[in-house]
1. Quick check: pseudo-label points 7 Å beyond the Cα along Cα→Cβ at Leu147 and Ile407, how many nm apart are they?
2. Any chance you could run the full-extension gain for Arg358 through Glu308? It's 0.36 nm times the residue separation minus the Cα-Cα distance, nm to one decimal.
3. Hey, with R₀ at 22 Å, roughly what FRET efficiency would Asp340 and Glu380 work out to, going by the Cβ-Cβ distance, to 0.05?
4. Residues with amide H under 5 Å of Arg435's amide H, sequence separation 5 or more or different chain, H placed in the peptide plane at 1.01 Å from N; which?
5. State which entries of Lys353/Lys488; Lys17/Lys262; Lys240/Lys262; Lys244/Lys488; Lys488/Lys528; Lys17/Lys240 exceed 25 angstrom in Cα-Cα distance in the structure shown.
6. Using a 1.4 Å probe on the protein chains only, how many percent of the accessible area of the chain belongs to carbon and sulfur?
7. Ranked highest first by the average count of other Cβ atoms within 10 Å around their residues, in what order do 357-366, 496-505 fall?
8. For segment 77-190, with only Lys/Arg (+1) and Asp/Glu (-1) charged at the beta-carbon, what is the dipole magnitude about the Cα centre, in debye rounded to 20?
Amino acid sequence: MSRFTDTMYANARTSTKGLNTGEPGAPVRHTWAQVHDRARRVAGGLAAAGVGPGDAVAVLAGAPVEIAPTAQGIWMRGASLTMVHQPTPRTDLVRWAEETTAVVAMISAKAVVVSDPFLAAAPVLAELGMTVLTIESLLAADPIAPLPTFDDDVALMQLTSGSTGSPKAVQITHANIVANAEAMTVGCDFDLETDVIVSWLPCFHDMGMTGYLTVPMLYGAELVKVTPMDFLTDILLWPKLIAKYRGTMTAAPNFAYNLLAKRLRRQATPGDFDLSSLRWALSGAEQVDPLDVEDLCAAGAPFGLRREAIIPAYGMAETTVAVSFSECGGGMVVDEVDADLLALLHRAVPASKGHTRRLVTLGRPLNGLELRVVDEDGAELPARGVGVIEVRGEPVTKGYTTVAGFIAAQNDRGWYDTGDLGYLTETGEVVVCGRLKDVIIMAGRNIYPTDIERAACRVSGVRPGCAVAVRLDAGLSRETFAVAVECKDFRDADQVRRVERQVAHEVFAEVDVRPRNVVVLEPGMIPKTPSGKLRRAHALSLVS
């Protein structure tokens, strides 16, 4: 039998905690027992639609109050859940419909479950031949008992961040979830009685769906969950909810903490809210910038935010969610290394003078996970040798569902190649330098796009987090790069020339190489994934 579903259902019957949703306009709280009862109705509706063991169900919904019982109801039927990427006001709906159709076909979805604010998509999806069910109709069904499930059943097919056109979904089993959940609760010193989790992360992303909905539902933890649109509409809603509910745990990508720091400085006054309850603010899903963390700590201090609460982390959907956390209560630890030796010799040599690079350590691997760093020949590297990071263990997926069928993620010894370049410190701490496919190689030097982008964002007028370094002439002897930035003054020729010159200057000062060209774009032009990560490969057409 599945420990995942057995534990979830047992905790639903005994937990006094619940799911708080609907903020800020219409807050409502459901106990996990009430969520479970609603899930039994969803299961009844799915059974009437013919959904059963081994089937796949796609879900397009925005409200956590509906997503939680829908997910649990799908698992009650022995089926798997795929959260479809959600359209935004800037989304090309024709392209989105094509991509959604490709996803539904790839997973051979038995049905697509739709709810607000995406009900307008229901007839479009139905016209494409899909079985479309609304969450409202499912909740109106008679409740039924859960079917037996098993550890090796697939619970989630998590779309990867770059899933567009030719999608790919990570197969996450019941056993994967339990293994990673147990490791995470140990790693963060989780206390079911006192911890309160606050999250706005999207449920189509692994950290938002698995880490900050599925795992709290598994254990019956107190959870406050709003939508990304709620957050983007009012950045300060996040600290307001932490203060209101005395939140102890939260998580977000680096860019969101950057936005929060700016809003705290510009729009908030000490005394507006109290962040002293927060003990665990995980920063993951993209590379952690030490300057941004330091800025957040300075901006948050007048509101009670403690420096030691910031927890840099490393993870990915292929490991269910998490690979490593910084030590609980230890705050951010920076590893400062010689930038030239890092680029030329691929060695992270500690240094405090001259041309250095500050990299954030991301903790040791969680229980049940092993991590190693290998060179281009697959040989394991010693501490501070920079190479490709590989992981293996119980939380690691067996593979992917793709248009071409199943593709294994592990080699014959169980190792998963993350595609990330990094190293281990002498104490076994993980440090990530960048993505292997994005690294720019010039005269034998590794130049990391994140360094270029960080330098470009220092220029006045460049929108925070809206700079992208694009690799040109990849694989040739003389690789180079271009930089694209967004600026609200993109129509002002004088301002554009100033930004171009200053970006080139800042980039040269940072990496000792000039970009081939700098392009200033209208806000919103730089392509990003639905979860906010830069799509560097997709940006090539903007600079060519």
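The values are calculated or read from the model by the stated rules, or taken from the named source; none is laboratory data. Everything numeric in this text was worked out from a predicted model, so none of it was measured. No Cβ is skipped: glycine too gets one built from the backbone with ideal geometry, and neighbour counts run over all protein chains shown. Keep in mind that these areas ignore ligands, DNA and RNA; they rest on the heavy atoms of the full protein, side chains included. Shrake-Rupley method; radii C 1.70, N 1.55, O 1.52, S 1.80 Å.
1. Distance between label points: 2.9 nm.
2. Computed gain between Arg358 and Glu308 is 16.2 nm.
3. It comes out at approximately 0.30.
4. Leu421
5. Listed pairs above 25 Å: Lys353/Lys488; Lys17/Lys262; Lys244/Lys488.
6. 52 percent
7. Values: 357-366: 22.5, 496-505: 17.7.
Top to bottom by mean Cβ count within 10 Å: 357-366, 496-505.
8. 280 debye
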